[in-house]
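The values are calculated or read from the model by the stated rules, or taken from the named source; none is laboratory data. Just so it is clear, the model here is predicted, and its values are computed rather than measured. Counting neighbours? That spans all protein chains shown, and the Cβs are built from the backbone with ideal geometry, glycine included. These area figures cover heavy atoms from the full protein model, side chains too; ligands, DNA and RNA do not enter into them. Shrake-Rupley method; radii C 1.70, N 1.55, O 1.52, S 1.80 Å.
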Amino acid sequence: MFLRPVLTLSVVAVAMAERVQPTQARAGIAWNPLGAPPPPRKRAYFMLGHADVISPTFAVDFAAYDLFVAPRELSADDVATVHRVLPSSRVLAYYGYSYVVVPGQCSPNCTDTPARCNMTVYPPPEYFNASWAVTDLNTGLPLCVEPWSPATERRPWNQMIPMQASADAIVRYWKEVVLTAAPFDGIYMDDFFSNYPPEWKAHITSVTTRFDIDADGVPDSFQKLDAQWGAWRSYLTLGLRGVLGPDRLFIANAGLPATADAALNGITIEEEFAYCGGLPCGDNGTASPPVPAGHPAPFIGAVKTAFAGQGALTHAAGLSQLSVMWLTHADLVPKETQCAEFAAMQAVMPWLVEGVDSAHLSCP
């Protein structure tokens, strides 16, 4: 009974290898991914809301976009309106890789903040066991990994470090709830970092001396956290790909370093990672001087490598390719530099599109 998965994976590996033509392999990243001309290039937009969709100027304001990230709560009527008004567009439901919201208080006590009080439990208890969240063993309460503050407006999420039980629950919730409630065209997974961010570790350390990540009531170490963070990533993404099927999109916001994933159509990277190369970065505390005009971002080569590696794996897996470069933080990298570097990458990776978020930066 244990040979079947191994044989299946072997067949898949052979099939993937046969998909990659030798001329494509020699050409590095400069290949047309599926043998057809890429579609007209438009932009991606983060984050589309109900107010945007019902605006009388929606069609004009968003005519330059054909890929939208939206809250998973966006209604079926709103998603249908986007499809009707902008027929070539696709709407992806937002999902934070490790974010959950469990009922009641958390450690430190964030219950009294307006942000905490207004947060909806996610996933609901019939899908997600609260003990699967990272827990402060000194109080018995789940940790608030990112406490709310007026300065950052970050909401006090709880967090899971994926394991089989929690990953299965997330997949079932998305299958039975989110993707049946509205005609989303796929999933956008945020904060899909290869490594657990150091600022989150620092926050856990500032709150407790004993934490549990796997619901066994035994204190865990950051070494175990790091191992579990990475070990179950592909299990979770493969489960979600199974729910989506081959035609709907699955894109993850990866940052740097980025680990390619065969379940994804592509990744997104925010421009500040081309500046600092990894976390902490941008909103997370970078205080270095900006890139001088006319100079390349220090880590643009790493960004290019991340896009190319994911693109090659997606192509080998037989999925359509679509990745996004979010233009952000003109205070770190001048807009002109960002646009020039994006254009150079898109010239050899035609499946890479420009992304516009709350910074509202866009290229001519």
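Residues whose amide H lies under 5 Å from that of L67, counting only those 5 or more places away or on a different chain, are R43, Y45, R90; hydrogens are built 1.01 Å from N in the peptide plane.
The phi torsions of region 261-277, fed into the Karplus equation with coefficients 6.51, -1.76 and 1.60 and a -60° offset, translate into couplings of 9, 6, 7, 9, 6, x, 10, 10, 9, 8, 3, 4, 5, 5, 8, 10, x Hz, rounded to whole numbers, with Gly and Pro shown as x. When each of the peptides 260-272, 319-331, 242-254, 75-87 is scored by how many other beta carbons lie within 10 Å of its residues on average, the order from highest to lowest is 260-272, 319-331, 242-254, 75-87. Surface analysis of region 260-364 yields an accessible area of 36 Å² per residue, using protein heavy atoms and a 1.4 Å probe.
Other residues with beta-carbon under 15 Å from the beta-carbon of A231 carry, at +1 per Lys or Arg and -1 per Asp or Glu, a net charge of -3.
Under a 5 Å amide H cut-off, with hydrogens placed 1.01 Å from N, I187 pairs with A93, L249, F250, I251 among residues at least 5 apart or on other chains. Sequentially through region 160-170, phi angles give Karplus couplings (6.51, -1.76, 1.60; θ = phi - 60°) of 10, 9, x, 9, 4, 5, 6, 5, 4, 5, 4 Hz, Gly and Pro residues having no value and appearing as x.
Ligands, DNA and RNA left out, the accessible area of region 323-364 computed with a 1.4 Å probe is 62% carbon and sulfur.
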